[in-house]
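A.B. asks: I'd like to ask you about the structure that follows.
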Amino acid sequence: MSAQVIDGIAVANLILSDTAARAAQFAEANGRKPCLATVLVGDDPASHTYVRMKTNRCRTVGLDSRRHQLPETATTADAVAVVSTTAADDTVDGILVQHPMPAQVDEQEVFEAITPAKDVDGVTGASFAAMALGHNGFSSCTPAGIMHLLDAYDVDPAGQRAVVVGRSPILGKPVGMLLLARDATVTYCHSKTVDLAGVVREADIVVAAVGRPELIMGSWIKPGAVVVDAGYNPGNVGDVEYATAAQRAGLITPVPGGVGPTTIAVLLAQTVKAAGTPRATRRSTK
Ligand code: NAP
């Protein structure tokens, strides 16, 4: 058996073409394009690449972007000041604070300077709570992108055993909650999990969100399972041993070209949604 490969680029393009149409409508009605502000602290080359990809994509979809760059030596207060000024700027609709930040910066304190109505990357405590409680708010982009992938391939999580490997606040934890909200039976695994192989073997849906190349062996995958690999490691390697897993899975995301493209698409879609939300009601984002 050989898995069907989930085409993340095609799914992202569907989200982006809808986003482009909405952005054009907004620009027509408001005399300006929706605007995403990015805040980047430090010299991490991967972070620079990610921000460049996001701002390039803004341009092709019809959004404006504004880049704020702080030096490697910036403090938490420096970053909070830039984010607060941006949050108060009425011509900015969404804010992306690129992470990871240098060690001396308290990342969550910087995130919390984003007003929830502009938290299009879904990183504030308010957004997390809204997602967990099923209230209006912006989702963390990668988890939301993963749900788009499942929907695009008619994977209904209801009643399925979903195993999420990883429990970070931006990825593992929220994707498990989104699967739970869709009636999956969810198990989280992490660095202290005993018998990871045994847990993964029982999964109908596996989400890998670790950041360890090929940690999840192909031989652990239950025949016919859905495998979503969010891991992105040097050399374009995911967290799943792809070649073997693809022989057993029913559906599988490639790395690259799986989860990554939908993350950016959701970020832009949420920025346009934020722009279209009337000022007076911006705390409610639906
Ligand atoms: P993170 O914050 O470092 O979290 C990693 C998680 O993996 C932690 O919960 C950790 O457990 C768990 N873990 C570590 N070693 C493990 C092991 N041996 N067995 C089981 N679990 C283990 O990472 P992240 O930010 O969530 O990112 C994870 C991966 O996704 C990275 O490769 C990142 O590049 C990628 N990513 C991709 C996108 C995208 O758009 N495609 C977006 C975000 C992240 P503990 O909690 O016990 O430490």
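The values are calculated or read from the model by the stated rules, or taken from the named source; none is laboratory data. Bear in mind the structure is a predicted one, so any value in this text is a computation, not a measurement. Every residue, glycine as well, gets a Cβ built from its backbone with ideal geometry; the counts of neighbours run over all protein chains shown. Heavy atoms of the whole protein, side chains included, go into the accessibility calculation; ligands, DNA and RNA do not. Shrake-Rupley method; radii C 1.70, N 1.55, O 1.52, S 1.80 Å.
A.B. asks: Just the number please: accessible area per residue for the range 30-114, 1.4 Å probe, all protein chains included, in Å². Before the final figure, lay out each step's value.
C.D. replies: Working: 3940 Å² over 85 residues.
Per residue, the range 30-114 has an accessible area of 46 Å².
A.B. asks: For the chain, take the longest principal axis of its alpha carbons; what is the angle in degrees between that and the long axis of helix 141-152, to the nearest 10 within 0 to 90?
C.D. replies: 50
A.B. asks: Turning to a different aspect of this structure: In bins 5 Å wide, starting from 0, what share of all Cα pairs of the chain does each bin hold, as a percent?
C.D. replies: 1, 6, 12, 16, 18, 16, 13, 9, 5, 2, 0, 0
A.B. asks: Scan around THR185 for amide H atoms under 5 Å from its own, H built in the peptide plane at 1.01 Å from N, and keep only partners 5 or more places away or cross-chain.
C.D. replies: Under 5 Å from the amide H of THR185: GLY159, GLN160, ARG161, ALA162.
A.B. asks: Moving on to the next point. Among THR253, CYS35, GLN98, pick out the residue whose Cα is farthest towards the positive end of the charge dipole of the chain, where Lys and Arg carry +1 and Asp and Glu carry -1 on C-beta, about the Cα centre.
C.D. replies: Of the listed residues, the answer is CYS35.
A.B. asks: Per DSSP H run of n ≥ 4, the term is -39500 (n - 2.57); total these for the chain, divide by its residue number, and report the mean residue ellipticity at 222 nm rounded to 500 deg cm²/dmol. Show your work: numbers first, answer last.
C.D. replies: Values: 10 runs with 118 residues, N = 286.
Helix contribution divided over all residues of the chain: -12500 deg cm²/dmol.
A.B. asks: Can you check what the net charge comes to around ILE205, using other residues whose Cβ is under 15 Å from the Cβ of ILE205 (Lys, Arg +1; Asp, Glu -1)?
C.D. replies: Working: positive: ARG161, ARG182, ARG201, LYS222, ARG248; negative: ASP151, ASP154, ASP156, ASP183, GLU202, ASP204, ASP229, ASP239.
Result for the neighbourhood of ILE205: -3.
A.B. asks: Compute the signed sum of charges (Lys and Arg +1, Asp and Glu -1) over the other residues within less than 9 Å, Cβ to Cβ, of PRO100. Kindly include the intermediate steps, with their values, before the conclusion.
C.D. replies: On the way: positive: none; negative: ASP44, GLU107.
After counting each charged neighbour, the total is -2.
A.B. asks: Same structure, new question: At a 1.4 Å probe radius, which order do ASP43, ASP119 fall into by accessible area, largest first? Write down the numbers at each step before the final one.
C.D. replies: Details: ASP43 100, ASP119 0 Å².
Result, largest first: ASP43, ASP119.
A.B. asks: Which of the lysines could be linked to LYS118 by a straight reach, that is with a Cα gap under 18 Å, when you skip same-chain ones fewer than 8 residues away?
C.D. replies: Within reach: LYS33, LYS54, LYS273, LYS286.
A.B. asks: I want to verify the translational diffusion coefficient of the range 30-114 in µm²/s; compute it with Stokes-Einstein, Rh as the Kirkwood radius over Cα pairs, at 37 °C and 0.692 mPa s. Walk me through the intermediate numbers first.
C.D. replies: Details: Rh = 13.1 Å.
It diffuses with D of about 251 µm²/s by this estimate.
A.B. asks: Then there is this: Angle, helix 45-61 long axis vs. longest principal axis of the chain, Cα atoms, 0 to 90°, nearest 10?
C.D. replies: 70
A.B. asks: Can you give the local net charge around VAL80? Use residues other than it whose beta-carbon is closer than 10 angstrom to its beta-carbon, Lys and Arg +1, Asp and Glu -1. Walk me through the numbers on the way to the answer.
C.D. replies: Details: positive: none; negative: ASP78, ASP106, GLU109, GLU112.
Charge balance near VAL80 sits at -4.
A.B. asks: Here is a follow-up. Report the antiparallel proportion of the DSSP beta bridges in the chain as a percent, rounded to a multiple of 5.
C.D. replies: Values: 1 of 30 bridges.
The antiparallel fraction comes to roughly 5 percent.
A.B. asks: Which shape class, rounded, prolate or oblate, goes with the range 81-162 when its Cα gyration tensor gives a ≥ b ≥ c as root eigenvalues, a/c under 1.5 marks rounded, and past that a/b bigger than b/c marks prolate? Numbers along the way, then the final one.
C.D. replies: Working: a/c = 2.43, a/b = 1.97, b/c = 1.23.
Cα axes put the range 81-162 in the prolate bin.
A.B. asks: Leaving ligands, DNA and RNA out of it, report the carbon-plus-sulfur percent of the accessible area of the chain at a 1.4 Å probe.
C.D. replies: Its accessible area is 55 percent carbon and sulfur atoms.
A.B. asks: Another one. Mind pulling the per residue volume of the convex hull built on the Cα atoms of the range 161-286? Å³ is fine. Don't skip to the answer; put the middle values down first.
C.D. replies: Values: hull volume 14.3 nm³, N = 126.
Convex hull of Cα atoms, per residue: 113 Å³.
A.B. asks: Can you tell me the accessible area per residue over the range 141-261, all protein chains present, probe 1.4 angstrom, in square angstrom? It would help to have the intermediate numbers written out before the result.
C.D. replies: Details: 5000 Å² over 121 residues.
Value for the range 141-261: 41 Å² per residue.
A.B. asks: Which one, VAL82, VAL163, THR60, projects farthest toward the positive side of the charge dipole computed for the range 35-187 from Cβ point charges (K/R +1, D/E -1)?
C.D. replies: Going by the Cα projections, it comes out as VAL163.
A.B. asks: How much length, in nm to one decimal, is gained on full extension between GLN4 and ALA181, taken as 0.36 nm per residue of separation minus their Cα-Cα distance? Please report the intermediate quantities before stating the final value.
C.D. replies: Working: separation 177, 0.36 × 177 = 63.72 nm, distance 2.56 nm.
Gain in length upon complete extension: 61.2 nm.
A.B. asks: What residue among ALA129, ALA265, ALA249 has the largest mean-square fluctuation in a Gaussian network model of the chain, using Cα springs under 10 Å?
C.D. replies: Evaluated over the chain, the most mobile residue of the options is ALA129.
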